[in-house]
Amino acid sequence: MIIGFLLVIFLVPIITKIIPPKDTSHFENRALKTPPVFSTSALLEGKYLPEWEEYFSDHIALRDEMIYAYTYLNANILKKTVVNNIVITKNALLPFNSLSDVNEKQIQDDAIRMAEKISKLNDFITSNGGVFCFIGIPEQSSMLRNEYPIFLENADKKLTVTENAFFSALSDKGIKHINMMDTFKNDDYFKYYSVTDHHYNIHGAFKTYERIIDELELDNALQKSDFNYYEYPNNFYGSRARIIYKAYNMPDKLGIYTPKKEIEFTRIDSGTQVNWLFYQPQNEKEDITYNVYMGWDSAETYVYTKRPELPRILIFGDSFTNPLETILYTASDTMLSVDLRHNKKSIYEYIEEFKPDIVLLVRDDTCYTSFDGNGSF
Amino acid sequence: MVFSSVLFLFLFLPAVFFAYFLIPQKYRTLRNLVLLLFSLAFYYYGEPKLITIMLLSILINYISGVAISYSKKKALKKLFLIFAVVINIGLLGYYKYFNFFAENFASLFGISINVAKVILPIGISFYTFQGLSYVIDVYRNNAPIQKNPINIALYISLFPQLIAGPIVRYNTVAEEINVRKETASDFAEGIKRFMFGFSKKMLLANTMGAVADEIFALDVSSLNFDLAWLGAISYEFQIFFDFSGYSDMAIGLGLMFGFHFLENFNFPLISKSVTEFWRRWHISLGTWFRDYVYIPLGGNRVSPSRHILNIFVVWTLTGFWHGANWTFMAWGIYFGILLILEKFFILKILNNIPKVFSHIYTLILVTVSWVIFRSDNISSALIYISKMFTINGNITDRFLYLFSQHKIELVLCIIASIPISRYIKEKAKMLKNEKLKTFLLLYPVGLFAALIFAISILYLINSTFNPFIYFRF
């Protein structure tokens with residue numbers, strides 16, 4: 001007992017000191033604490049020493065392994081419904097929603113304000129010779145809201161109120177839009193969504209592509225029969241699986257669509273050439289993530305296909321655009337993907353420079369009335 | 001710094017063990033000095049500025065003890081005692097209660113007072129009572145004078161019990177400060193005790209605390225009876241396992257350094273009366289008030305009306321000791337009234353009914369008391385309690401979620417509230433098979449302690465929720 005206890009409390013700090021510190025936590029998706037900077041004032045105010053607690057906690061030896069063990073214990077042995085704020089259901093991993101009142105008036109007001117912003121953008125695009133379309137895609141937990149246990153909040157009221165208010169406001173402004181909820185809910189919607197990630201899957205993205213080419217009458221765009229589908233044999237761990245340290249077994253796979261007839265392209269990400277659209281894992285054993293699609297969220301990505309008979313497409317939005325881009329480029333001469341979260345340029349500047357024929361704004365339904373990030377145009 | 005932290009467990013503790021046990025046992029003064037320095041560093045971590053208050057308290061108590069001891073006249077002894085009491089209570093009164101009195105004074109007279117918020121030094125309620133205990137015991141000749149200031153400082157600031165008790169009487173450790181033996185068996189027992197305390201805190205107290213906090217954060221007027229009870233019970237478990245867990249860790253750490261502190265909790269939730277409950281809960285505080293307030297007031301060797309008054313005074317002070325809020329005072333008075341009623345009427349009834357009913361009676365009354373203790377103000381407490389006894393047919397979604405999420409911990413809390421290990425040990429001692437007896441007495445508890453300690457470390461590393469309740473006392 002004595003030896004065991006002393007070994008643990010002595011060895012842990014020694015090993016912690018020996019192993020090189022990490023900068024970030026892959027699982028927690030954040031930067032880990034850096035050593036606190038000494039100052040007399042910080043010491044006297046009682047801030048300096050507690051910061052060492054935070055630093056040591058972040059860098060303690062076997063931290064990830066211990067958090068994995070904790071998560072495994074709670075998910076698989078104690079069989080908790082919610083672990084690390086992830087709801088473990090029979091068919092999917094979903095986020096935990098705290099109970100809160102729905103302010104319908106606020107949502108209505110925000111929806112109208114956002115529609116006004118989009119209308120202004122629409123006018124600008126039209127004045128530059130382009131066509132605008134808003135693409136709304138249900139986020140995974142929204143689409144799978146019926147999977148929540150009956151006693152947990154599934155945000156149904158908030159999502160429904162927001163969806164109705166927003167698309168109604170868009171319609172009032174005469175803005176072209178696609179609400180993928182209408183498509184998915186009338187189908188076997190599970191097949192369009194990842195069970196471990198907050199995004200839709202490639203089938204959902206492809207369905208969205210089909211709606212876009214249909215809505216915008218892109219007659220020269222490729223059809224489904226023009227694509228090959230390939231599913232990676234690798235394990236796919238989505239964002240939610242990562243939060244629970246992959247400790248709960250919920251199989252999920254990732255697939256891609258590639259044109260049967262290869263289309264040559266040149267991809268430039270913020271001035272750097274990238275020769276692929278899909279990240280290729282080193283081998284079958286490597287776990288893959290949503291980053292397979294386009295690799296990452298980039299401030300701007302140009303994909304040139306040198307087919308001037310096809311439209312110039314500008315697409316902007318969050319990571320929901322990524323799998324869509326891997327298909328949509330086939331319908332464009334040049335596709336420009338912009339993510340305003342990582343950008344200093346405004347979308348108006350991009351439109352003026354790029355002169356797109358088509359501008360698509362893609363947002364998920366948890367962000368329809370959000371004025372941050374890609375809502376800050 | 002708290003015991004249930006990474007820094008304490010993996011930096012402070014190995015460092016103090018290394019420095020302390022590096023010194024041969026025969027150099028007791030040096031070992032005491034090392035322990036004192038680490039205790040001061042432990043306190044400094046949380047109170048870099050207000051450590052001076054604790055040092056002042058130590059100095060006052062030391063000087064008072066010496067003065068009392070060397071004074072020949074009783075009147076002079078009494079004067080120094082009064083001096084020590086006034087300073088100690090004065091310090092506690094100022095730092096803990098000044099803002100409370102200022103706000104209530106202003107509210108009462110409808111005036112506006114601008115006073116700077118007085119910050120409460122961590123552990124002041126514990127170390128002032130310990131210091132007072134020393135001075136009073138010297139005055140009463142119940143304990144020898146301690147001439148070495150290092151040893152007084154060590155007694156008052158010893159890190160295992162500094163910020164959250166138990167309130168260690170000087171005569172409990174007087175001899176051990178000067179002469180003690182750190183043995184392997186004590187060290188092993190201390191480790192086991194520490195592990196159990198740590199596990200209580202991390203696995204049970206913190207989890208129940210999260211439930212209690214969520215429920216108590218709700219609008220009290222909209223509470224349903226199911227949530228009201230769940231919140232009250234969760235808080236009861238939180239405070240019990242938090243405080244008793246901390247006491248276990250303190251006692252365990254004390255053992256590792258050769259100190260034998262008295263027990264502070266004795267499975268209070270199995271009590272069959274409120275009277276019994278207070279013999280089992282926070283024993284060091286109860287006995288402190290008994291010996292230094294109740295008995296000097298006359299105890300029960302006075303007229304019935306005076307006896308009632310004495311109980312009332314002690315319990316009002318006990319409640320007030322817990323915090324500068326009317327709720328704490330109300331909580332204390334609540335128990336005072338119950339104890340008076342039991343003493344004069346109810347105990348006779350309880351002794352003549354099946355134990356299960358007296359147990360239920362006690363649990364209900366104690367659980368209700370925690371609502372008063374936890375609430376922000378008296379009116380919230382009253383509304384909350386009314387919700388507990390307003391039964392409608394509905395079970396809320398939030399209750400279903402919290403109960404399903406934490407049902408295992410709730411069951412473990414119930415099991416951990418019962419003296420099961422004691423029962424197993426007693427049965428094992430009666431075994432005829434010596435090998436089996438030795439095995440059962442030695443290994444299962446230790447292995448179990450190690451297992452839950454390991455799991456607790458997982459919880460510690462994963463934790464984002466690790467408050468300690470008694471920090472504000």
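Miscellaneous remarks
- For B:Tyr401, the test of being more than 14 Å from every other protein chain (Cβ to nearest Cβ) and either surrounded by 13 or more Cβ atoms within 10 Å (Cβ to Cβ) or in contact (Cβ under 8 Å) with a residue 12 or more places away in the chain (or both) is failed.
- Of the numbered criteria (1) over 15 Å from the mean Cα position of the chain (by Cα); (2) farther than 30 Å from A:Lys157 by Cβ; (3) at pLDDT below 95, the one A:Ile313 fails is (3).
- From the options A:Val131, A:Val161, A:Val102, residue that is within 27 Å of A:Tyr348 (Cβ to Cβ) and away from chain B (no Cβ under 14 Å): A:Val131
- All positions within region A:323-346 that are at pLDDT 95 or above and assigned to a helix (DSSP H, G or I): A:Pro323, A:Leu324, A:Glu325, A:Thr326, A:Ile327, A:Leu328, A:Tyr329, A:Thr330, A:Ala331
- When A:Asp172, A:Asp252 are checked against the criterion of being closer than 24 Å to A:Tyr72 by Cα and not small (Gly, Ala, Ser), A:Asp252 stands alone in meeting it.
- Some residue of region B:435-442 being modelled with pLDDT under 80, within 13 Å of chain A (Cβ to nearest Cβ) and surrounded by 12 or more Cβ atoms within 10 Å (Cβ to Cβ): yes
- Any pair with Cβ under 6 angstrom, 6 or more apart, that starts in region A:33-60 at a residue that is at the interface with chain B (Cβ under 10 Å from one of its Cβ atoms) and ends at one that is among the charged types (D, E, K, R): A:Glu54/A:Lys33; A:Tyr55/A:Lys33; A:Asp58/A:Lys33
- Every test in (1) in a helix (DSSP H, G or I); (2) aromatic (Phe, Trp, Tyr); (3) modelled with pLDDT under 95; (4) in contact with a helix residue (DSSP H, G or I) (Cβ under 6 Å, 6 or more places away or on another chain) is passed by B:Tyr246 save one, and that test is (4).
- Selection status of A:Tyr209, within 29 Å of A:Ala331 (Cβ to Cβ) and either at pLDDT below 95 or touching a strand residue (DSSP E or B) at 6+ places or on another chain (Cβ under 7 Å) (or both): no
- Qualifying residue in region A:11-29 (condition: among the polar types (S, T, N, Q) and surrounded by 16 or more Cβ atoms within 10 Å (Cβ to Cβ)): yes
- Scanning region B:213-237 for residues that are in a helix (DSSP H, G or I) and polar (S, T, N, Q) yields B:Ser221, B:Ser222, B:Ser234.
- Set A:Arg312, A:Arg267: member being basic (Lys, Arg) and under 22 Å from A:Lys224 (Cα atoms): A:Arg312
- Residue count, region B:212-224 (criterion: farther than 13 Å from B:Leu400 by Cα and buried (at least 19 other Cβ atoms within 10 Å of the Cβ)): 4
- Complete set of residues in region A:138-154 that are more than 14 Å from every other protein chain (Cβ to nearest Cβ), under 12 Å from A:Lys90 (Cα atoms) and either of a type in the set (Ser, Thr, Tyr) or touching an Asp or Glu at 6+ places or on another chain (Cβ under 9 Å) (or both): A:Asn146
- Among the residues of region B:172-202, those identified as β-branched (Val, Ile, Thr) and either at pLDDT 90 or above or part of a helix (DSSP H, G or I) (or both) are B:Thr172, B:Val173, B:Ile177, B:Thr183, B:Ile191.
- Listing of helices (runs of 4 or more DSSP H) fully contained in region B:17-110 that carry 1 or more residues being crowded, with 20+ Cβ neighbours inside 10 Å and within 14 Å of chain A (Cβ to nearest Cβ): B:28-46
- Residue in region B:422-432 that is over 30 Å from B:Phe126 (Cα atoms) and within 14 Å of chain A (Cβ to nearest Cβ) present: no
- For region A:75-91, the tally of residues that are of a type outside the set (Ser, Thr, Tyr), at the interface with chain B (Cβ under 9 Å from one of its Cβ atoms) and at negative phi stands at 3.
- Members of region B:174-211 found to be crowded, with 22+ Cβ neighbours inside 10 Å and more than 12 Å from every other protein chain (Cβ to nearest Cβ), listed by number: B:Phe196, B:Gly197, B:Ser199, B:Lys200, B:Lys201, B:Leu204, B:Ala205, B:Asn206, B:Met208, B:Gly209, B:Val211
- Residue match in region A:234-246 (condition: of a type in the set (D, E, K, R) and not in a loop (DSSP other than H, G, I, E, B)): yes
- Taken together, the criteria place B:Pro14 among residues that are within 14 Å of chain A (Cβ to nearest Cβ), part of a helix (DSSP H, G or I) and surrounded by 14 or more Cβ atoms within 10 Å (Cβ to Cβ).
- Residue match in region B:159-169 (condition: over 30 Å from B:Leu30 (Cβ atoms), among the small types (Gly, Ala, Ser) and either surrounded by fewer than 16 Cβ atoms within 10 Å (Cβ to Cβ) or touching a residue at least 12 places away in the same chain (Cβ under 8 Å) (or both)): no
- Residue check, B:Arg290 part of a loop (DSSP other than H, G, I, E, B) and basic (Lys, Arg): no
- Index of the failed condition, A:Tyr232 passing every other in (1) at pLDDT below 90; (2) surrounded by 17 or more Cβ atoms within 10 Å (Cβ to Cβ): (1)
- Qualifying residue in region B:384-394 (condition: modelled with pLDDT of 95 or more and in contact with a Lys or Arg (Cβ under 8 Å, 6 or more places away or on another chain)): no
- Cβ-Cβ distances below 9 Å connect the following pairs, each with a first residue in region A:1-21 that is over 20 Å from B:Thr183 (Cβ atoms), a second residue that is surrounded by fewer than 16 Cβ atoms within 10 Å (Cβ to Cβ) and among the hydroxyl-bearing types (Ser, Thr, Tyr), and a separation of six or more residues or different chains: A:Pro21/A:Thr34.
The values are calculated or read from the model by the stated rules, or taken from the named source; none is laboratory data. Since we're looking at a predicted model, the values are computed, not measured. Methodologically, a virtual Cβ is constructed for each residue, glycine included, from the backbone with ideal geometry; neighbour enumeration extends over all protein chains shown.
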